[in-house]
Amino acid sequence: MAVSFKEVTKRFADGTVALDRLNLQFDLGEFVVLLGPSGSGKTTACRLLAGLEPPSGGRIEIDGRDVTDVPPRFRGIGMVFQNYALYSHKTVFENIAYPLRIRKVAGAEIERQVKEVADLLRIGSYLHRKPGQLSGGQAQRVAVARALVWQPAICLMDEPLSNLDALLRLHMRTELNRLHKKLDKTFVFVTHDQEEAMTLATRIAVLKDGKLAQFDEPRTIYRQPANRFVAEFMGRPAMNILDGTVEGGVFRTGSVACPVDCKDGPVALGIRPEQIELVGADDQDAIRMVVDVKELIEPDTLLIFQNGDASAVTLRTHGDCDGIAAGQPVGLRFPKPALHYFDSVTGQRIR
Ligand code: ATP
């Protein structure tokens, strides 16, 4: 294992526990995305890995070596910060060269390496400029170039795309994917953005309250969330999760009644909005509900239903909904293969 967090805890001076016995291991060459709500400990995990903060308990290993007491410079980690942290008085060339200068690399070699990484990031023609003369996307590339120029084994990026506009963000996402494939380095990337996480990550670590909620490939996180938290966190609109009871193979809550493969008793039943089937209101086996709100998210439509006192149900469809309006009764079907079952108390996935 290239990087291991072993029972890592971070308790700040004011008593805040940002990481709570975090266990996380990943391999060299992976693109690991740390994802989670605000305050879940993503930045803290990065800062501890980089050595900018000491853990309060547990240890961090890189390539089998305990680095808990190793200073940042000797950990082999390059960092890209959200605000890029470029030196405004230095040229782009000197910004990128800086990590080489502090490592006392010879002048000609600095020139060669800066040019090489600048070409890789397509910023070769801006080397004479100052950061103030760059666009957001160009400044972002300079920050990435500076993090990579000295060939660290690991590149840590804390929300590096969050200051870019939507289009540029998409473009840089593709660039980072390309860079990762080309360089075969370990990337650790923090984001709030699910889509970014899904497209970039080899594996996503979902954090909640300083703990690991799930660590898996994007497709598994989406298709087999390990618990209710991950199920509701991943996917927009969020997975419908209905608290109800199973009796004789039928799940019931509010006006929902549907056949399930689950033993009798209370259960939290999950179904993604795009997996609910819309059928006619007169369909015998369907769940009959009345459209409360209809929203267009071209090319899709969202239909939202109130389920008595139970939580609302949201359906997302590519289909034609021109004939459907709020107040209209329709039929819904929850196909069995699309159902997720969570323990009604612990929230852990049952099957
Ligand atoms: P965000 O997505 O908002 O950046 P995050 O997941 O990166 O959040 P962290 O910044 O790691 O979360 O913070 C985790 C918790 O630790 C939060 O409750 C935060 O308030 C707290 N925290 C972070 N730094 C400190 C500090 N220096 N002193 C006290 N508490 C802190």
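Which condition breaks for LYS181 when tested against (1) away from the ligand (no atom under 16 Å from the Cβ); (2) closer than 30 Å to LYS90 by Cα? (2) is the only condition that LYS181 fails. Please verify whether the range 33-50 includes one or more residues that are in contact with a Lys or Arg (Cβ under 7 Å, 6 or more places away or on another chain), in a loop (DSSP other than H, G, I, E, B) and among the polar types (S, T, N, Q). Among the residues of the range 33-50, at least one is in contact with a Lys or Arg (Cβ under 7 Å, 6 or more places away or on another chain), in a loop (DSSP other than H, G, I, E, B) and among the polar types (S, T, N, Q), which makes the answer yes.
Can you tell me which residue among ALA118, ALA106, ALA97, ALA50 is of a type outside the set (S, T, N, Q) and within 16 Å of the ligand (Cβ to nearest atom)? Going through ALA118, ALA106, ALA97, ALA50 in turn, just one is of a type outside the set (S, T, N, Q) and within 16 Å of the ligand (Cβ to nearest atom): ALA50. Could you figure out which of (1) in contact with a strand residue (DSSP E or B) (Cβ under 7 Å, 6 or more places away or on another chain); (2) more than 16 Å from the ligand (Cβ to nearest atom); (3) at pLDDT below 95 isn't true of THR191? Exception for THR191: condition (2).
Only residues that are within 13 Å of the ligand (Cβ to nearest atom) and touching a residue at least 60 places away in the same chain (Cβ under 8 Å) were counted in the range 12-38, giving 11.
For the residues ARG146, ARG141, ARG129, ARG122, the requirement of being under 30 Å from the mean Cα position of the chain (by Cα) and part of a loop (DSSP other than H, G, I, E, B) singles out ARG122.
Here THR186 clears all of (1) within 13 Å of the chain's Cα centre (by Cα); (2) more than 16 Å from the ligand (Cβ to nearest atom); (3) of a type in the set (Ser, Thr, Tyr) except the condition numbered (1).
Screening ALA310, ALA326, ALA268, ALA338 for residues that are surrounded by fewer than 16 Cβ atoms within 10 Å (Cβ to Cβ), in contact (Cβ under 8 Å) with a residue 24 or more places away in the chain and within 25 Å of the chain's Cα centre (by Cα) leaves exactly one candidate, ALA338. Of the strands (runs of 3 or more DSSP E) entirely within the range 216-282, those holding at least 2 residues that are touching a helix residue (DSSP H, G or I) at 6+ places or on another chain (Cβ under 6 Å) occupy 265-271.
Assigned by TED's automatic domain parsing to the domain that holds THR191, more than 17 Å from ALA201 (Cα to Cα), surrounded by 14 or more Cβ atoms within 10 Å (Cβ to Cβ) and within 15 Å of the ligand (Cβ to nearest atom) - does that describe any residue in the range 68-79? Scanning the range 68-79 turns up at least one residue that is assigned by TED's automatic domain parsing to the domain that holds THR191, more than 17 Å from ALA201 (Cα to Cα), surrounded by 14 or more Cβ atoms within 10 Å (Cβ to Cβ) and within 15 Å of the ligand (Cβ to nearest atom).
The values are calculated or read from the model by the stated rules, or taken from the named source; none is laboratory data. Please read all numbers here as calculations on a predicted model, not as lab measurements. With ideal geometry, Cβ positions are generated from the backbone for all residues, glycine too; neighbour counts draw on all protein chains shown.
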